[in-house]
1. Report the extension gain between SER317 and LYS223 in nm, rounded to one decimal, defined as 0.36 nm multiplied by the number of residues separating them, less their alpha carbon distance.
2. Pop the C-beta distance of GLU55 and MET144 into the FRET formula with R0 = 45 Å and round what comes out to the nearest 0.05.
3. Would you work out if region 141-292 is rounded, prolate or oblate? Take a ≥ b ≥ c from the square roots of the eigenvalues of the alpha-carbon gyration tensor; rounded if a/c is under 1.5, else prolate when a/b is larger than b/c, oblate otherwise.
4. I want to make sure I understand the PRE zone here: with the label point 7 angstrom from the Cα of SER165 toward its beta carbon, which residues in region 223-244 have backbone N atoms less than 17 Å away?
5. Considering amide H positions built from the backbone, and no H for Pro or chain starts, which residues 5 or more places from ASP155, or on another chain, come under 5 Å of its amide H?
6. How high is the relative contact order of region 83-162, given as a whole-number percent (alpha carbon pairs under 8 Å, six or more residues apart)?
7. Using 18 Å as the cut-off for backbone N distance, which residues of region 303-322 belong to the label zone defined by a point 7 Å from the Cα of ARG184 along Cα→Cβ?
8. What list of ³J(HN,Hα) values in whole Hz, one per residue of region 335-348 in order, does the Karplus curve 6.51 cos²θ - 1.76 cosθ + 1.60 (θ = phi - 60°) give from phi, with Gly and Pro shown as x?
Amino acid sequence: MKHPRDKRRDSRPQQPRKGGAAPAPTRDRVERQQERKPEQRPAPRQDHAPEPKAEPRKLVRREGAFPAEQLPLILEVAPNDDYALLDSGNGEKLEQYGPYRIVRPEGQAIWQRALPAKEWERADAVFTGDTDEEGLGRWRFPKMPLGETWPMRHDGLHYQGRFTSFRHVGVFPEQATHWDHMARLIVDAKRPVKVLNLFGYTGLASLVAARAGAEVTHVDASKKAIGWARENQEMAGLGSKPIRWICEDAMKFVEREERRGSRYDIILFDPPAYGRGPKGEVWQLFESLPAMTDICRSILTPKPLAVVLTAYSIRASFFAIHALMRDTFAGMGGTIESGELIIREKSAGRALSTSLFSRWVAK
């Protein structure tokens, strides 16, 4: 059903990502500070030396033949019992999440609605207020007040839906095609498989991988998202499955894994256009993505299965990330498959594009 996506990812509360246009940088809280004389405020004692600033990764073009390519590849999610895009138009979308009918902003829905107004008026929840990706909005409940959370399901996996102030509800349905593909790779491998899920949000991809038999490392910079993901693990009945939950800046984590010699068979990364790590680390997609992609290649096992990149809210064609992935995986063989993730509308059958993607698959 991400990472999570209304053009996210990390439309996650602390790592905004989706929407029509690329999100603006997070607004920093401005605090008024009074001037103090040096003797009035002694310097704070430092128990630990400050962490040295890392040098930018030196990128070198990979040698070898490009992987084969398949593009454009359009991966779509059709309406089902767990989720359906009922209708869209006039800058909004009408969705069915389990028992609830929800209306949210959708900048790309520039066409006219197919369903009559009375169908939209049956909504249980409507997102109102600031529609900026990082702005704090509100939910209106036309019928009756609803709780913050409600039980949801994806392909038999139970998890927690939640009405967040960032208009997202804890799942990005279009990612289901990637999850299904990953689960097949894990099952078909017939061997132990290690999966790394970067910018993992509320953990649906991690749960799908763990259920398929993989050992999973889930990384997100938001403590709240990690807590939510752990709740989802328990709801799904997968508490005994091997999932490591890591609250850390994704770039710092993969840099450390590279130094440690840690290796993974499948890597998913679903970065925001802009985000901040737990210690103020700044993520800018076009500046940071080449280095992260390069590191992801370096931390693959000798017999890797796939690397999947999803990009939301960027002013670029999928050809840009396709070229990056093809360059990065030169000499690896396999295939680079790139295109768009779409959700097929139930009312008129129109396709709502949600994000760009590019994935390297070994075979």
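Rule-based calculations on the coordinates, nothing more; no lab input. Please read all numbers here as calculations on a predicted model, not as lab measurements. Cβ: placed from backbone, ideal geometry, glycine included. Neighbour counts: every protein chain shown.
1. Numbers: separation 94, 0.36 × 94 = 33.84 nm, distance 3.21 nm.
So the chain would gain 30.6 nm between SER317 and LYS223.
2. Numbers: r = 56 Å, r/R0 = 1.25.
That pair, GLU55 with MET144, gives E of 0.20.
3. Details: a/c = 1.91, a/b = 1.17, b/c = 1.63.
Oblate.
4. 223-225
5. Close amide H contacts, sequence-distant or interchain: none at all.
6. Values: 135 pairs, mean separation 16.1, N = 80.
Dividing the mean separation by the residue count of region 83-162 yields 20 percent.
7. The answer is 305-309.
8. 9, 9, 10, 9, x, 10, 9, 10, 10, 7, 6, 7, 5, 10
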